[in-house]
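Presented below is the structure to which this report refers.
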Amino acid sequence: MRLSELDIIVTAPPAPGWGGRYWILVKVTTDTGITGWGECYASSVGPEAMGHVIRDVFDRHMAGESPENIELMFRRAYSSGFTQRPDLTVMGAFAGLEIACWDILGKARERPVWALLGGQMNDRIRAYTYLYPLPQHDMTAFWTSPEMAGEPAADCIARGYTAVKFDPAGPYTMRGGHMPGMRDISMSVAFCKAIREAVGDRADLLFGTHGQFTTAGAIRLGQALEPYSPLWFEEPIPPDAVGEMAKVARAVRIPVATGERLTTKVEFAEVLRQGAAEILQPALGRAGGIWEMKKVAAIAEVHNAQMAPHLYAGPVEWAANVHLAASIPNILMCETIETPFHDALIKGGIQVEDGFITPPEAPGLGIEVDEDLARAHPYTGDGLHLQMQDDPCDYANGNAFEGGAPSIKT
């Protein structure tokens, strides 16, 4: 059995667009006719250019190879161009293709992917979700309203979730880390207070940031949030400043989480080595794939750290996250996005029930991708999956920032 054909589908989730502007799905077929699906997470180039990268990685390192030889293909891609170092775009391409290889192997052996990764360690996986506006909420006002945030938090708890994430802390700017404005600190505290009042002790608060602060700014904000005991303080400073993030981890009494913008064991191991985080959040469609993150989970286990796979993408990457989570002893929880489009794209193959995910028993990833639906929603925009803003933090008027891919207004 050899890898022989590749198809790439760029699909755009309909309004409001939770999960980013587009998802890059890869369909890999063997010479025996078995098809595997993967998903390449957002990269620093547009989807058309990324398509060329994906095809180059496939043609150069994977075509004609057995899908079993994942380690060999990884080393080829990791070493390409005489590099042997983490490359966000190349690894993003390889990771989605690697996920497709696992889907193929599971289907060929008529076993779920988790069974090929050492078996099932967890028969239920704790899920968490971002807080999204409810139908009655004003889509613009929601992101700066602690009062509104309490309502979807209570709704999530009613549906069984035991953890909710939110990010009211101000803009993600291409200028790098900034000192948070006092208004942003006050708003962050108000969000924590309102959500804690809404959920009590029935759920953990997951405080999201996206690397937007200086070390001193992150410490200042984190210490202000401590009375509400968030479970984590997510990526408080730019992810490449590992030593500085370790300073935050030592100064703030909230566990630091990071990882959505990291790739390969090399970068994750350095985070653990320096004590910069206790919770790792790999995006499997970017970080090198399932096998590479199985290694990271083992390294994390040695450091008494936990895994919480990240998701701001489509349901194929989510399926990969679930199989990894099922197979490792140090899983904390998995991010989840529940929209009708996410569900329909994999024909309901994996579900969140009462706040937990049951790993699928079907072969491969355990999902059936609705290819017609994916092709019926092509991406026609010119933005990247997620984008930083050019403008700096507004200290005079305050900040109202919805994220790197603002919701589609209809």
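The values are calculated or read from the model by the stated rules, or taken from the named source; none is laboratory data. Here the structure is a predicted model, which means the values were calculated and not measured. Virtual Cβ from ideal backbone geometry, glycine too; neighbours counted across all protein chains shown.
Here are the numbers for this structure:
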| item | result |
| --- | --- |
| Residues of region 275-300 that turn out to be farther than 20 Å from GLU71 by Cβ and more than 12 Å from the chain's Cα centre (by Cα), as a count | 5 |
| Qualifying residue in region 138-146 (condition: touching a residue at least 40 places away in the same chain (Cβ under 8 Å) and in contact with a Leu (Cβ under 7 Å, 6 or more places away or on another chain)) | no |
| Pair list, Cβ < 8 Å and 6+ apart or interchain, from region 228-239 residues that are polar (S, T, N, Q) to residues that are assigned to a loop (DSSP other than H, G, I, E, B) | SER229/ILE254 |
| Residue pairs meeting the criteria (Cβ under 9 Å; at least 6 apart or on separate chains; first more than 11 Å from ILE331 (Cα to Cα), in region 277-303; second of a type in the set (Ser, Thr, Tyr) and assigned to a strand (DSSP E or B)) | ALA277/THR258 |
| Residue match in region 329-344 (condition: more than 21 Å from LEU280 (Cβ to Cβ), of a type outside the set (D, E, K, R), modelled with pLDDT of 95 or more and in a loop (DSSP other than H, G, I, E, B)) | yes |
| Only listed residue being more than 22 Å from the chain's Cα centre (by Cα), in a loop (DSSP other than H, G, I, E, B), in contact (Cβ under 8 Å) with a residue 60 or more places away in the chain and farther than 30 Å from ILE185 by Cβ, chosen from GLY160, GLY118, GLY106 | GLY118 |
| Selection from region 1-55 of residues that are assigned to a strand (DSSP E or B), of a type in the set (Ser, Thr, Tyr) and crowded, with 17+ Cβ neighbours inside 10 Å | THR11, THR30, THR35 |
| Criterion violated by MET91 - all others in (1) closer than 16 Å to VAL316 by Cβ; (2) at pLDDT 95 or above satisfied | (1) |
| Verdict on THR83 being surrounded by fewer than 20 Cβ atoms within 10 Å (Cβ to Cβ), within 23 Å of GLY259 (Cα to Cα), of a type in the set (Ser, Thr, Tyr) and in contact with a strand residue (DSSP E or B) (Cβ under 7 Å, 6 or more places away or on another chain) | no |
| Yes/no for TYR128 being closer than 12 Å to ALA203 by Cβ, of a type in the set (Ser, Thr, Tyr) and in contact with a Leu (Cβ under 7 Å, 6 or more places away or on another chain) | yes |
| Residue among GLU260, GLU270, GLU234, GLU278 that alone is closer than 28 Å to HIS323 by Cα, out of contact with any His (no Cβ under 9 Å at 6 or more places or on another chain) and of a type in the set (Asp, Glu) | GLU270 |
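One line per residue, one yes/no per condition, for (1) over 18 Å from the mean Cα position of the chain (by Cα); (2) touching a residue at least 40 places away in the same chain (Cβ under 8 Å):
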residue: ARG273; (1), (2): yes, no
residue: ILE331; (1), (2): no, yes
residue: CYS334; (1), (2): no, yes
residue: ASP354; (1), (2): yes, yes
residue: ILE357; (1), (2): no, yes
